[in-house]
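The values are calculated or read from the model by the stated rules, or taken from the named source; none is laboratory data. Just so we're clear, the structure is a prediction, and the values are computed from it rather than from any experiment. Reconstructed Cβ throughout: ideal geometry from the backbone, glycine too, with neighbour counts over all protein chains shown.
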């Protein structure tokens, strides 16, 4: 049945994810315990998968977007403290409890790095390494120039805050304008699968050869490949980089 097949594919996907996590754990443990030439390490490398890295990269990307959305408010707070005569570390410390959550964590790590012996510029460099996105890099460059060569860092932070807000507003408007294209990619990609399920419920004997013959499985493989290509092609068209 189509429903049974969908459940089987979902279970297979989950098993692949769990197997990847377990295999990478075995690989790390074997490398720590016996070195890279151990039999367990070689067996783990054979079954290695990049799914855990994909999940981690997705989580890092979402966190970076949240930090980016919180930066303008944080820059405004720091700018006000700098205008009052505080130094940059003092301004960060003064507003640490008032920052949005993720930005507060990142600025706390900057202050912690300075206590470990990093200069304030080096601490901001570590910030850029943790979050290699253009918005953070602009903040880091402005901070390093303001600390090393002087200048009105408060005004720089105000201008950066305005620029970041304008960029996010423009991206939100652009995303709203391309929503129709992204929805078309999703609907057109899912339509063949939906039709197969509906036909299986109405005329099972008409759909059965797709799942019981080699030619049917080949047709499904070609269909899935073409649908994936079409989906990513449409997403590439509507994914406009700012």
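Summary table
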{"read-out": "Verdict on residue 236 being exposed (fewer than 11 other Cβ atoms within 10 Å of the Cβ), assigned to a helix (DSSP H, G or I), modelled with pLDDT under 80 and not assigned by TED's automatic domain parsing to the domain that holds residue 168", "value": "yes"}
{"read-out": "Test for residue 74: is it in contact (Cβ under 8 Å) with a residue 24 or more places away in the chain and under 26 Å from the mean Cα position of the chain (by Cα)", "value": "yes"}
{"read-out": "Some residue of segment 86-98 being closer than 28 Å to residue 56 by Cα and within 23 Å of the chain's Cα centre (by Cα)", "value": "no"}
{"read-out": "Residue 107 being closer than 16 Å to residue 70 by Cα and in a helix (DSSP H, G or I)", "value": "yes"}
{"read-out": "Scope segment 133-161; condition surrounded by fewer than 18 Cβ atoms within 10 Å (Cβ to Cβ) and touching a residue at least 40 places away in the same chain (Cβ under 8 Å); matching residues", "value": "133, 147, 155"}
{"read-out": "Residue among 88, 102, 92 that alone is in contact (Cβ under 8 Å) with a residue 40 or more places away in the chain and buried (at least 16 other Cβ atoms within 10 Å of the Cβ)", "value": "88"}
{"read-out": "Residue match in segment 202-223 (condition: surrounded by fewer than 15 Cβ atoms within 10 Å (Cβ to Cβ), within 30 Å of residue 74 (Cα to Cα) and touching a residue at least 12 places away in the same chain (Cβ under 8 Å))", "value": "no"}
